Amino acid sequence: MADLISLGEARAAVLSAAEQGPLEEVALSAGLGRVLAEDVAAPFDVPPFDSSAMDGYAVVAGPGGELEIRGESRAGHPSAEPARPGIAVAISTGAPIPDGADAVVPVERTDPAGDGRVRVSASEPGANLRRAGEDLRRGQPAVPAGSLLGPAELGVLASLGRDRALCATRPRVALVVTGDELAEPGEPLEPGRIYSSNASALAAQAAQAGAEVNLRSRVPDDREATEAAIGAGLDSADVVLISGGVSVGPHDHVKPALQALGVQEHFWRVSLKPGKPTWFGKRGRTLVFGLPGNPVSAMVCFQLFVRPALRIFQGADPEAVRVSARLAEPWKANPARTEAVRCRVRTDERGLVAEPTGDQGSHRLSSMLGADGLALVPSAQDELAPGTDVVVELL
Ligand code: AMP
Ligand code: MG
């Protein structure tokens, strides 16, 4: 099948065609899942001042003994009173270390001595102190551009006083689902029809990849309707995802519609199972993916081709995490095409194990349930033995 390109070539074609999109300021409260577009460094030392790691007494480090308690440093309320030999300042966790003190004796290692006095045990300089800048020094890079903003990133940005961040805009995705046989979930199912699962699965994958689905249409297997829906997508989105109708059957209208709309073909047909009929092209800056209608194929091809493009649009690393794992069971490799095998990934005493999720028919969407990754098994004539190392792209 000389006209099929390899998974690697297809992926490379997508990576080189995809471009980064525009940027916008985003409030931190709306930042979850966005991709940072600026390198953020600490504008000051974090934490900003020396503080206590314990509730206790701030002292001049020494052999211990009975001290007079003068003043208190509470979180948010520094003490005006300095510590001196013979003087302890009561202190709580997170409170600024008073002048003169270089250690905190935790309350558990003290005894009240009555009359405003306390007996403290011995302490070393620096004991139970958190130093200014111990987390991040002023000027130190903190969160680099390209970071996906998750709870930790948002927390660190907030610790730097940021309430906004420059982020990539969300790529706008238009979803065009084709097929005479499709019914919407919630509608009654007439004979010969199936519910459209691709609209739900692909929209969710797009959202997880940081995109915004701004147009959804379902069209029958009709040339004009197909062209009109794809045309509307091209006019309003950064990425057009088309489900189904991209093969060579008499009712597959996607390719001629794309051609009529002036979308430049970059590839069609990949040596991949599932996903052979995948089509990819571009008009202007808009990327167009013709995904096979089979529900597993559509999801797999989203993961392998669309997700990297959406990541590049957002200035993030396009590569998903890949790990090496051992096959849990014998696997009859495809003699001609790379196979993306849905797997659960678990660990045993020797490392990661990839366990196929059962029958891999591309119409069996339930084989995606519980899948942690796609084992990318190269074509081979022979059956692969259990324990064979495979590369797994984590979902
Ligand atoms: P196609 O790529 O249009 O030839 O479709 C291939 C197979 O996928 C057929 O069995 C279709 O019924 C099925 N299919 C197409 N679109 C969807 C969809 N949106 N949801 C579920 N199955 C679909
Ligand atoms: Mg179809």
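The values are calculated or read from the model by the stated rules, or taken from the named source; none is laboratory data. These numbers come from a predicted model, not from an experiment. Here the Cβ positions follow ideal geometry from the backbone for every residue, glycine too, while neighbour counts run over all protein chains shown. Just so you know, the surface numbers come from the protein's heavy atoms only, side chains and all, with ligands and any DNA or RNA stripped out. Shrake-Rupley method; radii C 1.70, N 1.55, O 1.52, S 1.80 Å.
Selection of the range 54-101 for residues being crowded, with 18+ Cβ neighbours inside 10 Å, small (Gly, Ala, Ser) and not in a loop (DSSP other than H, G, I, E, B) yields Gly56, Ala58, Ser73, Ala88, Ala90. With the condition kept exactly as written, say whether any residue in the range 31-44 is at pLDDT below 95, more than 21 Å from Ala316 (Cβ to Cβ) and surrounded by 16 or more Cβ atoms within 10 Å (Cβ to Cβ). Within the range 31-44, not a single residue is at pLDDT below 95, more than 21 Å from Ala316 (Cβ to Cβ) and surrounded by 16 or more Cβ atoms within 10 Å (Cβ to Cβ). Of the residues making up the range 156-197, those that are within 13 Å of ligand 1 (Cβ to nearest atom), crowded, with 19+ Cβ neighbours inside 10 Å and not small (Gly, Ala, Ser) number 5. Taken together, the criteria exclude Ser217 from residues that are within 15 Å of ligand 1 (Cβ to nearest atom), out of contact with any His (no Cβ under 8 Å at 6 or more places or on another chain) and part of a loop (DSSP other than H, G, I, E, B). Here the condition is being touching a residue at least 60 places away in the same chain (Cβ under 8 Å) and assigned to a strand (DSSP E or B); of Ala316, Ala336, Ala354, Ala325, it holds for Ala325 alone. Taking the range 203-259 as the range and being on the phi > 0 side of the Ramachandran plot and within 12 Å of ligand 2 (Cβ to nearest atom) as the test, the residues that pass are Gly244, Gly245.
Taken residue by residue, the range 10-28 has no member that is touching a Leu at 6+ places or on another chain (Cβ under 7 Å), part of a loop (DSSP other than H, G, I, E, B) and not small (Gly, Ala, Ser). Within the range 230-256, the set of residues being away from ligand 1 (no atom under 13 Å from the Cβ) and either in contact with a Ser or Thr (Cβ under 6 Å, 6 or more places away or on another chain) or open to solvent by less than 40 Å² (accessible area, probe 1.4 Å) (or both) comprises Ile230, Gly231, Gly233, Leu234, Ser236, Ala237, Asp238, Val239, Val240. Across the range 357-384, which residue is surrounded by the fewest Cβ atoms within 10 Å (Cβ to Cβ) among those that are out of contact with any helix residue (DSSP H, G or I) (no Cβ under 8 Å at 6 or more places or on another chain) and in a strand (DSSP E or B)? Looking at the filtered set, the residue picked out is Glu383.
Residues in the range 82-131 that are closer than 13 Å to Val60 by Cα, among the charged types (D, E, K, R) and under 47 Å from the mean Cα position of the chain (by Cα): Asp99, Asp102, Glu124.
Considering the conditions (1) in contact with a Ser or Thr (Cβ under 6 Å, 6 or more places away or on another chain); (2) closer than 30 Å to Tyr195 by Cα, Pro378 is excluded by exactly one of them, (2).
Count of the range 264-288 residues, restricted to those that are open to solvent by less than 30 Å² (accessible area, probe 1.4 Å) and out of contact with any Ser or Thr (no Cβ under 7 Å at 6 or more places or on another chain), is 8. Within the range 193-202, the set of residues being part of a loop (DSSP other than H, G, I, E, B) and away from ligand 2 (no atom under 13 Å from the Cβ) comprises just one member, Ser197.
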